[in-house]
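One structure is given here, and the rest of the page talks about it.
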Amino acid sequence: MKNIYFYKTEIGKIAVAMEEDFLTNILYEYRFSSLRNDKFIERETREMENIFIQIQEYLCGERKNFAIQMALRGTPFQKKTWEQLVKIPYGETRSYKEIAQQSGIPNGARAIGMANHNNPIPIIVPCHRVIGTSGDLVGYGGGLDLKQKLLTLEKNHKIRSDPQNYL
């Protein structure tokens, strides 16, 4: 069963979509129209509420790691790329070129960019942490303003060191 629920956040409306107990998508408002053909039941589950709470904690600077079961759907290349993104530490960035090199395709920066573009779970799979080789902000599904906000949030907020709050 596919469930979806819509939330208001500091960064605008988002949709959280799940299948079974696994997060499948986080969508920014401009992408809601892509849901037209999917058969979702609009119903909040306990798991969705927990995801929303974790996102809110992140947006308030109180969380840097997520404890969420995900079902990432994509090509093997996309999945490999997204696995690299999750390894980027909170508050740090990597270039598309660096991710390509870590993925074993030294000339694959554009392919990494396309995989980022298709990331179904932004914020949790932190594609906002990937920047141009020159250090410039380039490409982000939520827009460059949002990318800058997320990077600034990670650079400026101290995270509480309560070990029970993070996994």
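Filtered by the rule that a residue be farther than 19 Å from Asn156 by Cα, crowded, with 16+ Cβ neighbours inside 10 Å and β-branched (Val, Ile, Thr), the range 46-67 gives a lone residue, Ile51.
If we scan the range 146-166, do we find a residue that is outside any helix (DSSP H, G or I) and within 15 Å of the chain's Cα centre (by Cα)?
no
When Leu35 is tested against the conditions (1) closer than 18 Å to Leu146 by Cα; (2) modelled with pLDDT under 95, the lone failure is (1).
Quick grid of which residues meet (1) in contact (Cβ under 8 Å) with a residue 60 or more places away in the chain; (2) of a type in the set (A, V, I, L, M):
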{"position": "Asn107", "(1), (2)": "no, no"}
{"position": "Arg110", "(1), (2)": "no, no"}
{"position": "Gly113", "(1), (2)": "no, no"}
{"position": "Ile124", "(1), (2)": "yes, yes"}
{"position": "Val130", "(1), (2)": "no, yes"}
{"position": "Thr133", "(1), (2)": "no, no"}
{"position": "Leu144", "(1), (2)": "no, yes"}
{"position": "Thr152", "(1), (2)": "no, no"}
{"position": "His157", "(1), (2)": "yes, no"}
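Residues in the range 113-140 that are at pLDDT below 90 and buried (at least 18 other Cβ atoms within 10 Å of the Cβ): Tyr140 only.
The values are calculated or read from the model by the stated rules, or taken from the named source; none is laboratory data. Since we're looking at a predicted model, the values are computed, not measured. FYI the Cβ positions are ideal-geometry reconstructions off the backbone, even for glycines, and counts take in every protein chain you see.
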